[in-house]
1. Could you pull out the pairs from A:228/A:402; A:36/A:192; A:73/A:151; A:86/A:442 whose alpha carbons sit more than 23 Å apart here?
2. What are the semi-axes of the equivalent ellipsoid for the range B:124-223, taken as the square roots of 5 times the Cα gyration tensor eigenvalues, largest first, in whole Å?
3. May I have the convex hull volume per residue, in Å³, for the Cα set of chain B?
4. Starting from the Cα-Cα distance between residue B:308 and residue B:334, subtract it from 0.36 nm times their residue separation and give me the gain in nm to one decimal.
5. Cα atoms only, the range A:136-184: Rg and Dmax in Å?
6. Hey, for a label at residue B:393 modelled as a point 7 Å past Cα toward Cβ, could you say which residues of the range B:336-373 have their backbone N under 12 Å away?
7. Compute the semi-axes of the equivalent ellipsoid of the range B:258-300, taking the square root of 5 times each eigenvalue of the Cα gyration tensor, and list them largest first in whole Å.
8. Measuring from centroid to centroid over Cα atoms, what is the spacing of the range A:88-148 and the range A:2-75 in Å?
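Where a number appears in this text, it was derived from the coordinates with a stated rule and is not lab data. Computed from a predicted model, the values in this text were never measured in an experiment. FYI the Cβ positions are ideal-geometry reconstructions off the backbone, even for glycines, and counts take in every protein chain you see.
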Amino acid sequence: MYKEYADFALDFLKKKNVDYGEVRLEEHDGDAVLLKNGAVEISGFDNSIGMGIRFLTKNSLGFVAINQFDKIKIKNVLEKGLRLVKKGSKLSDHISLSNEKIYKKKYKVYQKVKLNDVGIDEKIKLLSDVDNCVEESLGRYLSLTTGTTKKYLITTEGARINSEIPLSNFFGVLTVEVNGRTAQRHLQFGNKGGYEFIRKWRLAEVLSDEYKVLRESLEKAERYPKGKIDLVVGPEITGIMVHESVGHPLEADRIFGREAAQAGESFVHRDMVGTKYGSEHVSIVDDPTLENSPGFYLFDDEGVKTRRRILVKNGVVNEFLHNRETAAVMGVKSNGAARAENYDKEVIVRMGNTFLLPGSYSWHELIENIKLGVYMKSFTEWNIDDKRYQQKYVGSEAYLIKNGKLKHPIFRPVIEITTPALWNSIDAVGRKLKLDCASCGKGEPMQGAPVNLGGPVMRIRDVRLS
Amino acid sequence: MEILDYLMGGFAKRKVDDMVVNFISNDIRRIKFADNKIVNTTVESHRDISLFLAMNRKLLVTNFKENIHNGKNSERVLRAERKRADKFIDLTMKRFKIIRMTEDYFGINNKKFKYSEVKDGYDRKVKTSDDIDLLERGINAALKMGVKRTNGVLEIYDAAGLLKTSEGIEYKDKKSEFYFSIRSFFDKEESGHMNCCSRILRKFDIERTGKESGEIARDSKDPKNCSKGNYDLVLSPMAFAPILMHIGEASSIFSVESGLSFFSDKVEKKVGSEKLTVYDDGTLANGIGSTKADAEGVGTKVNTLIDKGIFKTYLYNTSTARRYKTESTGNAGMISPVPWNIVVKPGKESINRMIKNIKKGIYVTNVWYTRFTNYHTGDFSTIPRDGAFLIRNGKITGSLKGMRISENIIKMLMNIDAVGDKPVHLRTWEADMPVYTPAVLIRNCNITTPVL
């Protein structure tokens, strides 16, 4: 019944003769449960609905968000938005949108077991069973959120996209103490699909293993070696490296400075397509079309059909991530990277699922020739500067490699490295692709986006740990 | 609002023990600019009803949508609204049947408080301010400093709330806010960032903010790569704000119980230097986080978190306070205790005097991407950005880039050697918890850099 209000808003914009208008109606139904140290801290359910309405008039961009389905209020807030845009037009940037093919499509993600059909009691039991496996931890914080978002996107150009996408997300933090020392691990799982995916996560088994690794690290880990070594990183670290120092710097809105105040800029400039970014072993894609992935969608929030984006091909920059605004600046077509967190957020350029493409190396081949090295399987702390140039990753589960063999655990190895140094030092990439779920933060105001990030195990030659 | 009473009446009939029903309206205007030009103007209008419900120690949070009425308030519309509310109550009661008890839940506030209005809490000019003129003044003030580009956002919030509880508590609150964030670029690598926020227009000094952002950018010319090592740091209020946000979060009993607090087992223990005193102040005049009462109607107050280096109290709501046999600190959020405004007691030192007392140090004007290895121990790192100035023998000798503060938060608090004399009120993108703080001088901090 709410579509009537979206149609009303679009008609209103047409009557106002805007150059472009777009209405995104979003309804979310879901629930959440949070367990703290085994006890239900809170559970909840949520049904929210609202409209994000964007318009372009005389090359000035306006956005209106409203969650009241009352035509008088919609009209009033749109008029207010139009007035503010008009008043600000003297300072406005000259914004245009790329011309794109217009689609009228309906799609939904199939759920074998519908998220909303599984009672919250079963979800609480799932977390409780997980908690039982790690109850010796000093602190346990476990949450599960599930829900389905229905979107109805219409534009004055004639696009009409209906989608229905379920999303589930687990987030957990374990704090383990041994002899007064503590270690922590943050874990996240997510899929766009039915409850069957939650069962596939094997949460109890995974967290139980993580608990043992944290204990072992506190009990047995030794100092990590100084001087030049070879660093082998697991898919979790490959993923965060790909996301932070390839995906983000190749977002065109950063490159053009639109997010410069907060989310930051990029050391990459617009003329870098076709230039060297890393070694020939480095090929990195962003692909929102992976079914059931956290970053899945087929049409972006501007109605553009998305596709796999080859960001870096054999070490060379191939393309940036674009929405219609940045594509127009570059004189190219959008590659469907426009996403908004919710109806009340503007669409900006976002990653979907970003990963390093597999190479040809087996695990044995990756480490057999290493005299002295470190295998960093997972990480705790990380950060990167706002141009995406110098970054830090602190290992969580990590081992010494000596004469081609994996040895004892080592304690929190740290690598701080520049983006070119990192990607030019990759000399081998494993065969097996593994992806992890994450929430990517960007924009002002801040928007979170569910994404996948990952790749295979990769080897970084001749680097120094901090 | 009639519907709030209807919902509460419906749940009372179903024997729900505790109820907090909160209606919030929020009207927002936002102007985002990049390269001195407006890139988006936003107008938002939100109306939300949220509910906290407890029955037999089973806890639920949820929300109820306002009805469609197209401007009419006829009896027919009200009947439809009540019918929807009945359905919502039925659905909620079904949920109650299948969720588990929270054994250590001890109820909501049942005391009546005499609330005091937040001083300078609301300004009617929020409805009529000339946003484009404000923005132009902020940008121009930065450009006058000789910078080439400015980027940022101007936001204006006009919010109102009505809270009712099953214990007969009821209060209304209004809040206005003006927020400006501007990052100026003298060149690609030379930038300065400054924010300001105020609940009243008269105290919203957008031109000073633009000017200071431009000054930092102008002064940070030709930054050189920093060398790793130990440095004394002067952290400006912007740079100290993320650390204060984590102090606020770590003070909530929720974080302590979750293993996410570096203040675990630290009550009445030393966590900082004698020069450091920190409060959480829900009553702060013109405070962005200030509110006359918390989310269960307990009147807010000033809570001393750190007194001359000694950690004094966690932040509690009524239920957690009863669990620990203490009093609520007036910090209830919808789910767990939350800080309102983190306030640092000013000292007597100017930033210039702090710099004069440093042999080898860095004046840090902003940080970004603060991340923890371990929230329980406080091991973390953060990246200085925008103007960062090398200090040698009491003087600024140049600007720096490419460094990271890799430290432990308790160690840093212990090493505070001076607290500034000019506090400012801020909330930032990196630290959205409002703070009121001067600059601080922290001795002997570990600076790391990329290793090639």
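1. Going by Cα-Cα distance, A:36/A:192; A:86/A:442 fall outside the 23 Å limit.
2. Working: eigenvalues 259, 39, 15 Å².
Equivalent ellipsoid of the range B:124-223: 36, 14, 9 Å, largest first.
3. 158
4. Working: separation 26, 0.36 × 26 = 9.36 nm, distance 3.13 nm.
Stretched out fully, the residue B:308 to residue B:334 stretch lengthens by 6.2 nm.
5. So, for the range A:136-184, Rg and Dmax equal 21.0, 65 Å respectively.
6. B:359-360
7. The equivalent ellipsoid of the range B:258-300 has semi-axes of 26, 16, 9 Å.
8. So the two Cα centres are separated by 17 Å.
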